[in-house]
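The values are calculated or read from the model by the stated rules, or taken from the named source; none is laboratory data. For clarity, every value in this text was computed on a predicted model and none was experimentally measured. Cβ placement follows ideal geometry from the backbone for every residue including glycine, while neighbour counts extend to all protein chains displayed. Side chains included, ligands, DNA and RNA excluded: accessible areas come from the protein's heavy atoms. Shrake-Rupley method; radii C 1.70, N 1.55, O 1.52, S 1.80 Å.
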Amino acid sequence: MRTPQRRMTLLATTAAATAALVTGGLLTAVSAQAAAGCRVAYSVASQWPGGFTGNVTVTNLGDPVSGWTLRWSYGAGQQVSQAWGATATQSGVQVSATNVDYNGTLATNGSASFGFNASWNSSSNPDPTSFTLNNVACTGGTTTPTTPSTPGTSGTPGTPGTPTTPPIPSDPPPSVPPPTGLVGWATQNGGTTGGGGAPTTTVSNASALTSALNASGAAVIRVSGTISCSGMLRVRSNKTVLGNSGATIVGCGLNVSGDRNVIIRNLTFRDWNDDAINVQESATNIWIDHNTFSNGYDGAVDIKRGSDFVTVSWNRVFNHDKTMLLGHSDDNGAQDTGHLRVTYHHNWFDGSRQRNPRVRFGNPVHVYNNYYRANGGYGVASTENAGVLVEGNYFENVNDTYHLGEADSGPGRLVARNNHFVNSPAGQAGGSVASIPYSYQLDTASTVKSIVTAGAGAGRITV
């Protein structure tokens with residue numbers, strides 16, 4: 001059961017000049033115009049004992065701004081734990097929510113929305129009484145609807161009651177954070193657990209990262225700060241590699257070769273000189289989730305040479321050409337046929353030019369609920385007798401959404417269903433595809449753009 005929404009609207013009347021912005025998890029001084037006026041809508045979308053989900057929409061009423069930070073304070077010990085559509089931090093009672101890269105520009109009368117999960121003490125959860133946008137105080141009228149009394153709840157206005165049967169926190173309304181559970185091919189073949197409950201090692205330089213990745217035995221490896229390196233770093237079996245806030249790998253990539261049971265999450269990769277993540281030589285049970293890739297030499301995520309049972313989810317790729325290759329060459333069918341089973345879901349192919357993905361031999365390969373924006377080459381290519389299900393995706397300004405065959409590679413098979421097209425044509429489909437063996441929840445294609453842009457990439461989850 002969820003409590004009704006509570007909303008407040010505030011109007012700014014003063015001005016300031018600059019704001020310290022936190023962008024992509026890195027503390028950086030960024031010049032940002034101050035807002036001459038703003039309106040904020042704050043609501044509690046759902047609540048359960050000990051926690052709640054909040055939604056915020058900020059509207060700029062002044063001159064355009066090129067970056068924003070919204071701040072407010074809590075009066076009853078609430079603590080923000082996770083945000084989406086913004087980067088949120090808390091110091092004492094003050095919360096700071098800063099734009100992420102896709103919603104940082106606010107035109108006059110432009111709005112940005114974000115959400116968060118937070119804890120409360122189960123007896124009081126009052127609304128914030130004031131906000132600032134880029135250090136400009138938002139002041140004005142406040143309206144908070146009376147919360148109706150329902151069985152098993154407190155009917156005190158402004159203080160939501162405790163639900164008799166609390167909702168599951170991981171099942172909030174549509175504007176809430178992306179699901180963080182594993183779905184797809186990596187759930188098969190015994191599942192993918194990475195390092196599981198093994199001891200955690202935190203690394204902050206290339207030498208320590210190389211040693212930790214290459215060590216035998218299960219491990220959880222946390223990457224902190226920016227690590228510069230070159231080439232490919234070998235990742236051994238039973239590893240979970242997690243990025244702390246703002247963790248970035250520059251110049252090199254990770255190579256999972258012949259090993260199994262590896263999880264790679266919440267990392268930013270840029271300027272790699274080979275591949276960012278390479279899965280090869282019959283590597284199995286790999287989960288690549290909530291990472292950001294840009295400006296590399298070759299593939300962002302390449303999977304090849306008999307590898308199998310892989311899920312690639314909630315990643316963002318931008319400013320990059322060759323995105324995700326599945327199957328490295330046309331003459332490798334003996335090793336690849338019957339393998340290369342991969343799920344690609346809720347990824348943001350943000351202007352990435354081609355191979356989103358390009359598939360050889362794998363069947364079925366599942367491409368669902370991804371957002372394609374302005375891909376200059378093509379979206380999906382099915383080649384060399386592969387079987388690809390392209391389902392529930394959102395294509396916007398993509399001239400070539402999906403097709404059979406690519407360059408010298410012969411055609412594969414492709415089934416397309418329930419996709420959404422904006423200034424994009426339906427592509428070339430044909431043939432049949434093997435059935436999907438796992439359960440999954442398909443989002444309505446028309447909602448995928450908002451869901452994916454709010455949730456894909458590094459820094460959108462707490463790990």
Report summary line: Quick tally, 1.4 Å probe accessible area for His339, His366, sorted with the most first, runs His339, His366
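Run the numbers for Ser432 and Thr447: contour at 0.36 nm per residue of separation, minus the present Cα-Cα distance, in nm.
Using 0.36 nm per residue and subtracting the Cα-Cα distance, I get 2.7 nm.
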Report summary line: Between Asn121 and Ala407, Cβ-based FRET efficiency (R0 51 Å, step 0.05) works out to 0.25
Requested in this report: Express in Å², to the nearest 10, the accessible area of Glu281 obtained by rolling a 1.4 Å probe over the protein heavy atoms while all chains stay in place.
Outcome: 80
Query raised in the report: Percent antiparallel among DSSP beta bridges with both residues in segment 366-463, to the nearest 5?
Result: 15
**Report entry** Pairwise label distance in nanometres, Asn205 with Asp271, each label 7 Å out on the Cα-Cβ vector
**Finding:** 1.9
Query raised in the report: Of Asp350, Asp400, which has the most accessible area and how do the rest follow, probe 1.4 Å?
Result: Asp400, Asp350
Query raised in the report: Rank Arg353, Arg305 by accessible area, highest first, at a 1.4 Å probe radius?
Result: Arg353, Arg305
Report summary line: Rounded to the nearest 10 Å², the 1.4 Å probe accessible area of Phe318 is 60
